Structures are given as structure tokens and as C-alpha cells.
Amino acid sequence: MRMGTRSSGMALKRIQRDQLRLGMYVHAFDGSWFDHPFWRRGFLIQRESELAAVHGSGIDTLLIDTSKGSDIPAAAGAGASRKRPAQAEAHDPRTEAATQVVNRSKEKVRELFDAARLGKAVESSAVLSVVAEVASEIEHNRRALLRVLRLKSKDEYTYLHSVAVCALMVNLAAQIGLDERTAAKLGTAGLLHDVGKVKIPDEVLNKPGRLTDEEYALAKTHSIEGYRLLVQVEGIPPVALDVCQHHHEKMDGTGYPHGLNGEEISLAARMGAICDVYDALTSNRPYKNAWTPLEAITRMRQWQGHFDPQLLFAFMLSVGLLPVGTVVELRRERLGIVIEGGRRATRPKVLAFYSTRRRRFTRTELTVAGDGRFGDAILAEVDPAKWGIAQERIDHFVRLGVPWV
Ligand SMILES: [Fe+2]
């Protein structure tokens, strides 16, 4: 079931953008909507213009299918997906700025965790300075920051994961309209959510393969251990204690440590659960390669009862990632469907096709999804069956694709 490795008849390999050559078969791009110059899935690179479009894009990595096209030279493949942030696209000023923030934050988090490991109190002023810097970068250089944060080598996962969850929390908070101060507290919660892992032996945390029951029981104590560490520290917002303790709760009550249900789980902890899992899935771990953002989101949506679905949708909007075929409610009483974008797409393209006021199909109109200031605001995800719209109809629109192409 692991994506990005091998499935029936395919030979997928993740390569760096610059490794792409004519004659290679592109299976899929990594990254979010922000970065993609085009959205055709599965095609052979036949023209210099196609190659140039990928090389000039913000995509970091992509999957090629070597059963349908040429491969990279043997020596070049290894470690391709382990590029460190410091080496990534240093020539791009936005990426460079984001990389610096990430590296600084990572070092501070490393110090914080090391101190906690030695039984010293977490220094709340250090935490707040990291959160402030990350929040400011989310505001001014969001795409680059989120992109850089996805590239983690296995040994720096713990620290970068904390910074990534911090950034994703601040980003999601802005998406759902929370004010800056609340967003900063949620960022703090994201940064510290796994601090209890300092109490868990590394052999358990980084074990490749299945944990025994005892090991799993031990690993699960990190949420309570984190709470115990933080509760002693002055200046840590209560919401951080809450997220630390409850980011592994699930909506259907099967999570831990308290088996809380639905609304019993705070909004902050529900946000934490989403940001935590998304970042874990899109990172390389000792036991699995990173999934692409789209793969991660697709799987997370399938895990019924795990996440708050409405919040998960808001999260998808916050990272600019809407799977093709998603049916959405647009402003001005319309339904639309997310379809494959055209070249140079920077935002999801949505085909409006239905009037909710008149309850009937309309002439289709292509619109660019945005936050309302730019493009057409997406209000929510919609189940087309509730409007009596058959899935075949949706599939038909997806097949049609972008009308002007
Ligand atoms: Fe955790």
C-alpha cells in the first residue's frame, strides 16, 4: 500500500525536479496546487517546452514511471528524496528565506527538546520566539515555508516535524478566521505537541517495522508525558497543554489517551490531529517514504471517524490542495467541481455547474478558487447526492476537464 514505490505494472521512482529529462514518463507531481505548472497526470516528456516548464516550476520532487519511459542514471537515484532544506533551491530568495527560518527554528527546538530530555524546564520565551518567527513567515512567505518544511531527512524529523506542525496550525488558524493571538497560541501548541517524546526511548520511536504491544503502550504515553512536562512551565498557554495531551484523540472515540468523542475534543486538539498526521504522512520516516500531499489528503479523507471532516476540508483549503473531483459550494449559491487546472495554474480551478437557488444545472463556468478576495470563495465541501446529483455526472465533468483547453 505504500505509494511512491511500486504498484501493479508500474515502476515508480521519486526524483528531483532537475533530474527530469526528455523521454521520462511523469506519473505525478509532489507538492501543492501552488507550485504546479500543469496538472495532467501521467504523460511522457516529449518537448523541451514541457521539460522547461517543470524545471522552472516550484515543484521539488516528482514521480516517474520507469516502465513507461526512461530512467535516471543508476547512481543518481539514491537519496534523491532526502535533500536537506539547506541545500534546496538556495538560488530562490523566497526559498532561501524560508530555509533560514526553518534551520533557525529547528536548532531552537533541538535545544528545547534536549533541555527537556535532561529534565530542565522548557523555556517559554524561546518557544514564543520560534512561534513568532514561523507565524510571520506564514504570513509573508507561506508557500515557500510549507514547501521547505516538507523536506526532512530521517534524522531531523522530530525537530522539523514540530516546526512544521507549528506552521500548519498557524496557517489553519488563519484559514478558519481566528485572530493572530489565538493563532500564535495554536502555533505554540503545534511546536510542543510531541515534547513528551523525549521520555520515550529512541529505539521505540524510530523502530522500523511494527511495535510490540508493550512498545506501542509506551509510545502512547508521550501525550501524557508532554502534558506533565509543560504543566510545570509558566507562560505556556493552556491550549498547548490541551493539544499536547489530546492530539491523538479521534472523532469516533477510539483515540488515546482518554478516548474522547467528537465535540469532547477541543477545536485546538482536532486541528492538532490533522496537522500532525498530515505532516507525518508527507515526511520520510524510517519505515516509509513520504507520501505526496495529495496522497496524504486522499487517505486522510478515507479514514472515517478519525478527523473532523469540516476541519479537514478547511485544512485542505489552507494548504491549497483540493483533489480533482471534489464538489464544493461556492459563494453566490452555486456548486462547482474541482477539475484539472490548465498550464500555469496557481490555484485550484473549479467548474461551476449548478445553481443551489434554482436547484438546477446551469451553463458551466470556469472559476478560480480563492479566498474571496482573489477568485471565487469556496464555502464548504458538498455531498452531490444531497442535491440529487449522480456521481456519473461528476465523473463526466472531471473527464471533460478545463473547457478552454
Ligand atoms: Fe504525537
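The values are calculated or read from the model by the stated rules, or taken from the named source; none is laboratory data. Note that this is a predicted model, so its numbers are computed, not measured. Reconstructed Cβ throughout: ideal geometry from the backbone, glycine too, with neighbour counts over all protein chains shown.
Over 22 Å from LEU379 (Cα atoms) and within 16 Å of the ligand (Cβ to nearest atom) - does that describe any residue in the range 305-326? Checking the range 305-326: at least one residue is over 22 Å from LEU379 (Cα atoms) and within 16 Å of the ligand (Cβ to nearest atom).
Within the option set ALA132, ALA121, being of a type in the set (A, V, I, L, M), in the same structural domain as LEU241 (by TED's automatic domain parsing) and not in a helix (DSSP H, G or I) holds for one residue only, ALA121. Considered as a group, the residues in the range 248-289 that are in a loop (DSSP other than H, G, I, E, B) and among the aromatic types (Phe, Trp, Tyr) include one that is farthest from the ligand (Cβ to nearest atom), and that residue is TYR287.
When the range 41-60 is limited to residues that are within 27 Å of ARG399 (Cβ to Cβ) and in contact with a Gly (Cβ under 9 Å, 6 or more places away or on another chain), the one that is modelled with the highest pLDDT turns out to be ILE45.
Taken over the range 363-373, the criterion of being basic (Lys, Arg) and either more than 19 Å from ARG332 (Cα to Cα) or at pLDDT 85 or above (or both) is satisfied by ARG363 alone. The set of residues from the range 202-228 being free of Cβ contacts under 8 Å to residues at least 12 places away in the same chain and under 22 Å from ASP155 (Cβ atoms) comprises ASP202, GLU203, ARG210, LEU211, GLU215.
Results for (1) of a type in the set (Asp, Glu); (2) surrounded by fewer than 24 Cβ atoms within 10 Å (Cβ to Cβ); (3) in contact with a Leu (Cβ under 6 Å, 6 or more places away or on another chain), shown as yes or no for each residue.
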| residue | (1), (2), (3) |
| --- | --- |
| GLU156 | yes, yes, no |
| MET169 | no, no, yes |
| ALA173 | no, no, yes |
| ALA183 | no, yes, no |
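Of all residues in the range 184-202, those that are within 14 Å of the ligand (Cβ to nearest atom) and charged (D, E, K, R) total 3. Among the residues of the range 59-73, just one is touching a residue at least 60 places away in the same chain (Cβ under 8 Å) and touching a His at 6+ places or on another chain (Cβ under 8 Å), namely LEU63.
Being at pLDDT below 90 and farther than 30 Å from VAL26 by Cβ holds for only one residue in SER124, SER136, SER70, and it is SER124. Scanning the range 203-247 for residues that are assigned to a helix (DSSP H, G or I), away from the ligand (no atom under 15 Å from the Cβ) and at pLDDT below 90 yields a count of 1. Against the test of being under 30 Å from LEU62 (Cβ atoms) and in contact with a His (Cβ under 7 Å, 6 or more places away or on another chain), the options VAL148, VAL165, VAL134 yield a single qualifying residue, VAL165. Report, by residue number, each residue of the range 137-177 that is touching a residue at least 12 places away in the same chain (Cβ under 8 Å) and either in a loop (DSSP other than H, G, I, E, B) or not assigned by TED's automatic domain parsing to the domain that holds VAL101 (or both). Result: LEU151, LYS152, SER153, ILE176. Only one of the listed residues (ASP395, ASP383, ASP376) is modelled with pLDDT under 85, surrounded by fewer than 14 Cβ atoms within 10 Å (Cβ to Cβ) and of a type in the set (Asp, Glu). That residue is ASP395.
Of the residues examined, ARG332 is one that is assigned to a loop (DSSP other than H, G, I, E, B) and surrounded by fewer than 18 Cβ atoms within 10 Å (Cβ to Cβ).
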